[in-house]
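Mind looking over this structure? Questions follow.
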Amino acid sequence: MSRPTWLQASFLLMGLTLLSRLMGYFRDTMIALRFGASATTDAYLIAFTLPSYLVGIISGAINAVLLPQVARRLSADDQAGAWRLVAGAVGWVSLATLLLIGLLELVAPLVLHLLAPGFKAAELALAVSLARILLLYVFFSSLAYLFGAVLNAHHRFVYAALAPSLLSGAAVAVMVFMAHPPIHLVALALLIGSVLQLLLQVLPLLRSALRYLAWPRLGDPEVRHMVRLSVPTFASNSVGSGNVMIDRIFGSTLATGSIAALAFADRVVQVPFGVFGAAVSTALFPRFAEALESKQPGRLVQAFSGGVRLIVLITFPVAALMLFLAPPLIDVLFRHGAFSQQAASLTALCLRAYALALIPYSLNMVMMRVYYSLEKTAELALLGVGMLALNAIGDAILVRLMGAPGIALATVIVEGSFSWLLISRLRPRLPGLDLRALIRAAAPVALAALSAGALAAVASGLFPVASTLQAAVSTAAGVGVLVLLFYGFCRGLRVPEARRLGELRAWLTPTKP
C-alpha cells in the first residue's frame, strides 16, 4: 500500500485541521454570543487557561519525544519495541497527570488568584469552580494526544486531526441547543468532549495494541531515557502556552473584556496556524526522524526547506489578510448577540498585532520538530525559558503604552526572536541548509502579500459595515482582491511555487514507500 508524500499529507492535514479549528472558532463564537465580553467570559477563560496550559505542555512533550522514538522503531520494523515505549509512556502520563490534578484541585484558589490578580471575589470564585471541572480534562486530553502521536508515527493522520473537533463540538452542541446554558454546563461539555477525543484516538490502534501492548514498565531503560528527554520539553513548550498565561495575567489588570478580546483575536490566528503551520510540521515530523534513523541528513534538509517554502507561500498572504482586513473580519466572526461594537473594535486591534506573529509561529513549529528529532530538548528548554521572560518584560512595558494590543504586540516580538534563535543555532547542524536561498525565496512573497493586502483594504473600504451582512460583503471583497492580486504579483515576481500551481495534481501524486 502506498503512503502519502509529505506534501500530500500536509494538504490532507490542512483540510482536517481546518475543520477542527473552525469547530474551535464556533465554540468561541457561541461563547461570545451567549455571554459576550463579560465577567463570566473572563472567568471561564481564566479557568480554562490552566488546564489548557497543562495539556499544551504535556502533549507537546509527548509528541516531541514519543513520536520520533516510535517512528524510528517502526522504520526498523520493530513493532514490539515501539509498543513497549507506548506502554511506558501511558504509565508515566497517567501517573503524573492524576497526581498533578489532585494537587491543583486543592490549590486552585491560590493559583487562579495568581493568574488573575485583578479579579473581584465573585469572578475569582466562579473561575475556581469552573477550573475544578476542567482540570479533569487534562487527564483525558493528555492520553488522547499520546495516542495521536502514535497514530502520526504510523503516518495515520486522519484520526489525530479529527479528534479535537469532538472537544469543541460537545461545547458547541450545548450552546446551540440551549438558549441560556449555565457556564458550568459548557465546562462539563468540554470534559465529555475530551473523553470522546481519547476514544477516537484509541480505537484505530486497538488491534495493534492488544497484540503488542504489555503492562507498563516504568523502569525500562529506553522508557527512562524518553522520560529524561521529555522533562526539558515542558519548558520549551511553555513558549506558547506560557505566553498565553502571562498575557492573561497582565490582561486581568485592564478593563473588563480585555482578556476576551485577546483570546478571540488569538483564536482567529490559531485557525490558519493550525491549518497550515501545525499541519505541515506534523506531516514532516516522522520524516525527520526517519531520515536521521537512515543516516540521510540530506533528506531532512530537503524536507525542511520544502516545508519552510510552503509555509511562507501560505502564511504571508493570510497574515496580510488579518492585518489589513481585521475590523470587518472581526465584525463578521464575533459581533453578534452580547458582543458589542466596542468589544469588536478592541479585538480587531489585537488581531492586527497577532497577525504578524502567524509567520514566526508556523516556522517555529517546523524548526522545533527538527530539534526534537535531534534530541536537543534541553537546548529548546533554555531558549523557551528566555522567551517567557522576554514576553513578561514586553507585556509589562507595552501594556502601559497600548493596553491589550500591546500584549499582542509583545507576542510578535517573542515569536520573532525565537525564530531567529532557532534558525541561527540550527544552521550549523544542517550543513546542507541554504538559508540565503530561503530568504531570497521569501522576499518576493512578502512583497506580493503586503502589496495585495494594502489594495485589498482599499477595496474592502468601498463597502459600508453597519451590519453583519455588510461586513461580510466588505470582507469577501477584500479577500477576493487579495487572493487575485497576490497570485498575480507572485507570477509577476517569478515565484516558483506560484508558477507551478497548475501542477498541483502532480505534487499530490502518492509515491510508493
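What list of ³J(HN,Hα) values in whole Hz, one per residue of region 416-421 in order, does the Karplus curve 6.51 cos²θ - 1.76 cosθ + 1.60 (θ = phi - 60°) give from phi, with Gly and Pro shown as x?
Whole-Hz 3J(HN,Hα) from phi for region 416-421: x, 5, 5, 4, 4, 5.
Treating the beta-carbon of each Lys and Arg as +1 and of each Asp and Glu as -1, no other charges, what is the dipole magnitude of the chain about its Cα centre, to the nearest 20 debye?
So the magnitude is around 1200 debye.
Rank by packing, highest mean first: peptides 193-201, 310-318, 385-393, with packing defined as the count of other Cβ atoms within 10 Å averaged across residues.
Output ranking for 193-201, 310-318, 385-393: 310-318, 193-201, 385-393.
Report the one residue of V176, S194, V479 whose Cα lies farthest in the direction of the positive end of the charge dipole of the chain (charges on C-beta: Lys and Arg +1, Asp and Glu -1; origin at the Cα centre).
Result: V479, furthest along the dipole toward the positive end.
With Kirkwood's inverse mean 1/r over C-alpha pairs for Rh, give me the Rg to Rh ratio of region 49-185, two decimals please.
Over the Cα atoms of region 49-185, Rg/Rh equals 1.07.
Starting with the highest mean, order 431-440, 171-180, 371-380 by the number of other Cβ atoms within 10 Å, averaged over the residues of each peptide.
Descending packing order for the listed peptides: 371-380, 171-180, 431-440.
When averaged across all projection directions, what area in nm² does the alpha-carbon convex hull of region 107-210 cover?
Across all orientations, region 107-210 yields a mean hull projection of 8.3 nm².
Can you give me the convex hull volume of the Cα atoms of region 267-423, divided per residue and expressed in Å³?
Per-residue hull volume (Cα only) is 109 Å³.
Here's a follow-up. When the Karplus curve 6.51 cos²θ - 1.76 cosθ + 1.60 is applied with θ = phi - 60°, which whole-Hz ³J(HN,Hα) does each residue of region 61-77 get, with x for Gly and Pro?
Once θ is set to phi - 60°, the couplings for region 61-77 become 5, 4, 4, 5, 9, 5, 4, x, 5, 5, 4, 5, 6, 5, 5, 8, 6 Hz.
If you don't mind, there's one more thing I want to ask. What is the ratio of the Cα radius of gyration of region 51-96 to 2.2 N^0.38 Å, where N is its residue count, to two decimals?
The value comes to 1.25.
Please pull out the direction-averaged projected area of the chain, using the convex hull of its alpha-carbon atoms, in nm² to one decimal place.
Directional mean of the projected Cα hull area for the chain stands at 22.9 nm².
Using the basic label-point model (7 angstrom from Cα toward the beta carbon), what is the H225 to Q342 distance in nanometres?
Label at H225, label at Q342, 6.0 nm between them.
Then there is this: In whole Hz and in residue order, list the ³J(HN,Hα) couplings for region 487-495 that follow from phi through the Karplus curve 6.51 cos²θ - 1.76 cosθ + 1.60, θ = phi - 60°; x for Gly and Pro.
Result, rounded to whole Hz: 4, x, 5, 4, 5, x, 8, 6, 6.
What is the spin-label model distance, in nm, from L19 to D78 if the labels are put 7 Å beyond Cα along the C-beta direction?
Here the answer is 3.6 nm between the modelled labels.
Among 279-290, 247-258, 68-79, what's the highest-first ranking by average C-beta atoms within 10 angstrom per residue?
With the highest mean Cβ count within 10 Å placed first, the list reads 279-290, 247-258, 68-79.
Based on the Cβ-Cβ distance from K120 to L185, what FRET efficiency comes out when R0 is 25 Å, to the nearest 0.05?
Efficiency, rounded to the nearest 0.05: 0.60.
Let me ask something additional. Given a Förster radius of 41 Å and the C-beta distance between H113 and L447 as r, what FRET efficiency does 1/(1 + (r/R0)^6) yield to the nearest 0.05?
Calculated value: 0.25.
Relative to the present Cα-Cα distance, how much length would full extension add between F463 and L210 at 0.36 nm per residue of separation?
85.1 nm
Neighbouring Cβ atoms within 10 Å as the yardstick, rank F139, F463 fewest first.
Placing the least packed residue first, the sequence is F463, F139.
Bear in mind these aren't lab numbers, they're just calculated from the coordinates by the rules spelled out. These numbers come from a predicted model, not from an experiment. Cβ: placed from backbone, ideal geometry, glycine included. Neighbour counts: every protein chain shown.
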